[in-house]
Amino acid sequence: MSLSTRDEKSIWHPFTQHHTSAPPLPIARAEGAYLYTQSGERLLDCISSWWTCLHGHCHPDIVAAIAQQAATLDHVLFAGHTHTPAVELAEGLLSAAPGFGKVFYSDNGSTAVEVALKIALHYWQNIGQPQRTRLAALEHGYHGDTFGAMAAGRGSGFFYSYSAVLPRVDILSPETPAIEAYFQEHGADVAGFLLEPLVQGAGGMRMYAPSIVDAWCAAARKAGALVLMDEVMTGFGRTGTLFAHQQLSHTPDVLCLSKGITGGMLPLSVTMTTEAVFQAFLGESFSRALAHGHSYTANPIACAAALASLRLFESGAPQRGMATIAATHTRCLPLLCAAVPGLTNPRQTGTIAAVDLPGDAVYGGAQSQAVRLACYKAGLLLRPMGKVLYFMPPYCVTSAELEQAYTTLAEILPAALTGGTDGR
Ligand SMILES: *Cc1c(COP(=O)(O)O)cnc(C)c1O
C-alpha cells in the first residue's frame with residue numbers, strides 16, 4: 001500500500017478539507033533549501049515549511065546540537081528545575097532583543113500568545129490598579145488556533161465556527177484613526193493590545209510601514225495598555241532585522257516568538273516580558289504567580305536546537321542570506337507581475353514577498369490547489385493562502401535559485417490560474 005493510501009486511512013491533516021484536497025505529498029528527506037519526495041523529485045521550499053525553516057533543512061550544527069543534547073539530558077520538568085540549554089538560550093534571547101527582562105517557555109506559537117494574553121490580564125490584577133478586562137487585537141491578525149489565540153485572531157476569518165464561545169477580544173481595524181479612537185474611548189479598560197508588527201502573516205501577508213505600527217503602539221501606550229507583539233512569524237530575520245519590532249521606536253512589553261526559533265527543527269516558543277511586568281507577579285501568595293506551564297516546557301533538546309540556531313546568526317551567514325533574498329525579491333517581483341497578467345498588489349518586507357492572484361480565491365479552494373500542484377510539478381513548494389501567493393524562503397537559498405523560482409512561476413502561473421476557479 002502506498003504511503004498516501006496509508007495516510008488517508010489513518011491521518012487527519014491540519015487546515016485541510018479532506019473531501020476536496022489532493023492526497024498529501026510523501027516527503028522522504030530534506031537538505032538545505034530542498035525537500036525530496038519519496039519518488040525522488042526535488043522541491044525548493046519557497047515558504048520555509050510553514051515559516052519555520054531558517055537556515056535550511058537539516059543544518060548540521062543544529063542536528064549535532066540535538067543529538068548531543070538528546071544523549072545528555074532529554075527532559076526534566078521545568079517547575080523547580082533548570083538546565084544549561086534553557087538558561088543559555090534565555091540569556092542569548094535577552095541579549096539579542098534588548099529591553100526584556102525574563103523569558104517564559106512554552107511549545108508553539110499559539111501557546112506563546114495564550115501566555116501573553118494571560119500575563120496582560122493578570123498583570124493589572126496584580127498591580128492593584130482598577131482592573132482592566134479588555135483585550136484588543138487587529139482585523140486580519142492571526143495568532144494561532146487555541147481559544148485565546150483564535151479570539152485574538154478572529155479577524156483572520158478562519159474561526160467563524162467557534163465564534164459563539166470565543167473569549168471576548170476587541171478587534172480593531174488596522175487604521176490609525178480607528179485605533180486612536182478606540183483607545184481614547186476604551187483605553188482605560190484595555191489590559192493589552194496584541195499585534196503582529198510590520199507583517200500580518202496568515203491574514204494575508206498584509207504589510208505596514210514602521211511609522212504606522214508605531215502610531216498604533218503610541219495610542220495603546222498613551223492609554224496605559226500593555227503592548228503585546230506576536231513575532232511568531234516575523235521573528236528571527238524575516239522582515240530584514242532580527243526582530244520586526246527593532247524597526248520600530250516602540251519596544252513591546254511582551255514578545256511572542258516561535259516558528260523559526262529552533263531554526264525550524266523542533267517545537268518551542270517563548271513569551272518574553274520586561275522586568276517590570278515580571279516584578280508584578282512577585283508576592284507571598286501563589287495567586288499572584290502565573291498559572292501556566294506545559295509538560296514539555298523548556299524541553300532541553302528544543303532549547304539546544306534554538307541555541308545552535310541563534311549561534312548561527314553570530315557567523316553573519318543568515319544576515320547575508322536575508323540581504324540576498326530581499327534584493328532578489330526587489331528585482332524579480334516586478335518582473336513576475338509584468339509577465340503574468342492579473343497579479344496585483346506586489347509587496348515586500350525584508351525576506352517576505354507577496355502578490356495577490358486574480359479573482360477571489362478562498363483558502364484551500366480549487367485555485368490555490370491548482371497553483372500548488374502546478375508548482376510541485378515544476379519543483380517548487382509554494383502554497384497560496386486564498387488569493388495571496390508569497391515567498392518566504394530559508395536563508396540558505398541562493399539568489400540564482402530564487403531567481404529561477406520566479407522565472408519558473410512566471411512560466412507556469414498563467415495556465416495554473418485557469419486550472420481552477422473558486423466561487424464563494
Ligand atoms: C503561526 C503563527 C502562530 C501560531 O503558531 P503555532 O506554532 O502554529 O501554534 C501565532 N502567531 C503568528 C503570527 C503565526 O504566524
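If residue 105 satisfies every condition in (1) hydroxyl-bearing (Ser, Thr, Tyr); (2) free of Cβ contacts under 8 Å to residues at least 24 places away in the same chain; (3) within 16 Å of the ligand (Cβ to nearest atom) but one, which is the exception?
(2)
Mind listing just one residue for me: the one in the range 126-135 that is away from the ligand (no atom under 16 Å from the Cβ) and touching a Phe, Trp or Tyr at 6+ places or on another chain (Cβ under 9 Å) and, of those, modelled with the lowest pLDDT?
Once the filter is applied, the top-ranked residue is 130.
Please enumerate the residues belonging to the range 389-424 that are surrounded by fewer than 22 Cβ atoms within 10 Å (Cβ to Cβ), of a type in the set (A, V, I, L, M) and either modelled with pLDDT of 95 or more or touching a strand residue (DSSP E or B) at 6+ places or on another chain (Cβ under 9 Å) (or both).
400, 410, 412
Pairs only if they're at least six apart or on different chains, beta carbon under 7 angstrom, first in the range 175-191 and more than 27 Å from residue 207 (Cβ to Cβ), second in a helix (DSSP H, G or I) and open to solvent by less than 20 Å² (accessible area, probe 1.4 Å); list them, first residue then second.
191/120; 191/124
Using beta carbons and a limit of 6 Å, which pairs, at least six apart or on different chains, have the first residue in the range 80-98 and more than 15 Å from residue 273 (Cβ to Cβ) and the second one open to solvent by less than 30 Å² (accessible area, probe 1.4 Å) and not in a helix (DSSP H, G or I)?
86/298
Can you name the number of the only condition in (1) more than 16 Å from the chain's Cα centre (by Cα); (2) within 15 Å of the ligand (Cβ to nearest atom); (3) buried (at least 23 other Cβ atoms within 10 Å of the Cβ); (4) aromatic (Phe, Trp, Tyr) that residue 123 fails?
Failed condition: (2).
Go through the range 142-170 and give me each residue that's of a type in the set (A, V, I, L, M, F, W, C), open to solvent by less than 50 Å² (accessible area, probe 1.4 Å) and within 15 Å of the ligand (Cβ to nearest atom).
Hits for the range 142-170 are 149, 150, 151, 152, 159, 169.
Please identify the pairs in which a residue from the range 19-38 that is within 20 Å of residue 397 (Cβ to Cβ) has its Cβ atom under 8 Å from the Cβ atom of a residue that is open to solvent by 30 Å² or more (accessible area, probe 1.4 Å) and among the aliphatic types (A, V, I, L, M), counting only partners at least 6 apart or on another chain.
From residues that are within 20 Å of residue 397 (Cβ to Cβ), the pairs are 35/27; 36/27; 36/28; 37/25; 37/27; 37/28.
Sort out which residues of the range 172-198 are within 16 Å of the ligand (Cβ to nearest atom) and either farther than 23 Å from residue 388 by Cβ or surrounded by fewer than 24 Cβ atoms within 10 Å (Cβ to Cβ) (or both), and write them in order of number.
Residues of the range 172-198 that are within 16 Å of the ligand (Cβ to nearest atom), as a first pass: 174, 192-198.
Within the range 172-198, 174, 192, 193 qualify.
Show the residue pairs meeting these rules: Cβ distance below 8 Å; 6+ apart or different chains; first residue within the range 395-420 and free of Cβ contacts under 8 Å to residues at least 40 places away in the same chain; second residue not hydrophobic (A, V, I, L, M, F, W, C).
That search, which allows pairs on different chains as well, returns 408/379; 412/377.
For (1) open to solvent by less than 40 Å² (accessible area, probe 1.4 Å); (2) aliphatic (A, V, I, L, M); (3) touching a Ser or Thr at 6+ places or on another chain (Cβ under 8 Å), each residue gets a yes or a no:
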{"position": "23", "(1), (2), (3)": "no, no, yes"}
{"position": "27", "(1), (2), (3)": "no, yes, yes"}
{"position": "57", "(1), (2), (3)": "yes, no, yes"}
{"position": "83", "(1), (2), (3)": "yes, no, no"}
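Check every one of the helices (runs of 4 or more DSSP H) wholly within the range 11-127 and list those with 3 or more residues that are closer than 29 Å to residue 329 by Cα.
Working: elements: 48-51, 60-72, 84-96, 109-126.
Per the criteria, 48-51, 60-72.
Evaluate the range 319-326: report whether one residue or more is open to solvent by less than 20 Å² (accessible area, probe 1.4 Å), under 22 Å from residue 397 (Cβ atoms), in contact with a helix residue (DSSP H, G or I) (Cβ under 8 Å, 6 or more places away or on another chain) and hydroxyl-bearing (Ser, Thr, Tyr).
No, the range 319-326 contains no residue that is open to solvent by less than 20 Å² (accessible area, probe 1.4 Å), under 22 Å from residue 397 (Cβ atoms), in contact with a helix residue (DSSP H, G or I) (Cβ under 8 Å, 6 or more places away or on another chain) and hydroxyl-bearing (Ser, Thr, Tyr).
In the list 383, 320, which residue meets the criterion of being under 20 Å from the mean Cα position of the chain (by Cα) and among the basic types (Lys, Arg)?
From the options 383, 320, the qualifying one is 383.
The values are calculated or read from the model by the stated rules, or taken from the named source; none is laboratory data. Every value quoted in this text rests on a predicted model; they were computed, and no experiment measured them. Note that each Cβ is placed from the backbone with ideal geometry, even for glycine, and that neighbours are counted across all protein chains shown. We work out accessible area using only protein heavy atoms, side chains counted, and drop any ligands, DNA or RNA first. Shrake-Rupley method; radii C 1.70, N 1.55, O 1.52, S 1.80 Å.
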